[in-house]
Structures are given as C-alpha cells and as structure tokens.
Amino acid sequence: MSLQMVRFRTDNDTAAEVRSQLAMVFAALRAASPQGVVYTAYSSESGPDFILAIEMEEAVENPLSGLPEAAQLRDLISRAVGAPVPPEPFFVVGSYHS
C-alpha cells in the first residue's frame, strides 16, 4: 500500500474555492470508479488548512494524474500557496478500526 499526503494552507477566500474544486475532483473520481484507491480530503472546520491523502494498492496507477479536475486543483493550490506542493510519502505506523 502506498500512502501520499499533501498539506497546505490558503487564505480564507481561496479555501472556499479549494473546497469547491475538491468536490469536482471527487465527482470525477466517482465517475471514473478507479479500483484499489482511497482518496480523502481533510479541512479544518472553518479555516484554510487542508490535508489531502491518497492510498493506493501496489501496482495501481494514481488516477488523479489523468483527471483534468485534479490538474485544476493542483494549479489552484500552487497559485494559493505560491509554489507547487508536492505529495509526501507516508507510512502507517498503526491503525485501529472498531
């Protein structure tokens, strides 16, 4: 399993635009229905902080790389932050599910 995360902060005005673009990315993912992928977006309740996480099974190609909506999101984030924000690889140290 591969896990990558992107963390960033925008201003409050741009945060609403990021949330809107994320909704379009999720709609495109639902339409494409890629297998072996979990994509999650986290946002502070009312603030401009975001964490985007993608988990992919081994040998699964990142479906975001082929979605125009995801490219638009990357461009929006780059403009808001002032530079591209590359994903960071992470690994699960532990997990609990009830």
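Could you say which residue among Ser46, Ser33, Ser2 is at positive phi, at pLDDT below 95 and out of contact with any helix residue (DSSP H, G or I) (no Cβ under 8 Å at 6 or more places or on another chain)? Spell out how you get there, then give the answer.
Numbers: Ser46 fails: at positive phi; Ser2 fails: at positive phi.
The unique qualifying residue is Ser33.
Select from segment 74-88 the residues that are of a type outside the set (D, E, K, R) and either touching a Pro at 6+ places or on another chain (Cβ under 9 Å) or within 19 Å of Leu3 (Cβ to Cβ) (or both) and list them in ascending order. First the steps, then the outcome.
Looking only at segment 74-88, we keep the residues that are of a type outside the set (D, E, K, R), and these are 76-78, 80-87.
Selection gives Ile77, Ser78, Ala80, Val85, Pro86, Pro87.
Counting only residues that are surrounded by 10 or more Cβ atoms within 10 Å (Cβ to Cβ) and either in a loop (DSSP other than H, G, I, E, B) or in contact with a Cys (Cβ under 9 Å, 6 or more places away or on another chain) (or both), how many does segment 85-98 have? Break it down stepwise before answering.
Filtering segment 85-98 for residues surrounded by 10 or more Cβ atoms within 10 Å (Cβ to Cβ) gives 85, 87-88, 90.
Right, trim to either in a loop (DSSP other than H, G, I, E, B) or in contact with a Cys (Cβ under 9 Å, 6 or more places away or on another chain) (or both) and you get 85, 87.
The number of residues fulfilling the criteria is 2.
Out of all the residues in segment 33-80, which are surrounded by 12 or more Cβ atoms within 10 Å (Cβ to Cβ), over 19 Å from Arg9 (Cβ atoms) and of a type in the set (Gly, Ala, Ser)?
Selection gives Gly36, Gly66, Ala70, Ala71.
Could you please find all residues in segment 21-53 being closer than 11 Å to Glu69 by Cα and free of Cβ contacts under 8 Å to residues at least 12 places away in the same chain? Please lay out each step first, then the result.
From segment 21-53, those closer than 11 Å to Glu69 by Cα are 21-29; that's our starting set.
Within segment 21-53, just Ala23 meets the criteria.
From the list Ala23, Ala16, Ala28, which one is in a helix (DSSP H, G or I) and modelled with pLDDT under 95?
Working: Ala23 fails: modelled with pLDDT under 95; Ala28 fails: modelled with pLDDT under 95.
Sole residue among the options that is in a helix (DSSP H, G or I) and modelled with pLDDT under 95: Ala16.
Write out, first by first residue and then by second, each pair whose Cβ atoms fall under 9 Å of each other, whose residues are 6+ apart or on separate chains, and whose first residue, in segment 84-98, is small (Gly, Ala, Ser) while the second is loosely packed, with under 10 Cβ neighbours inside 10 Å.
Matching pairs, first to second residue: none at all.
The values are calculated or read from the model by the stated rules, or taken from the named source; none is laboratory data. Note that the coordinates shown come from a computational prediction; the quantities given were computed from them, not determined experimentally. Neighbour counts are summed over all protein chains in view; Cβ atoms, including those assigned to glycine, are modelled from backbone coordinates with ideal geometry.
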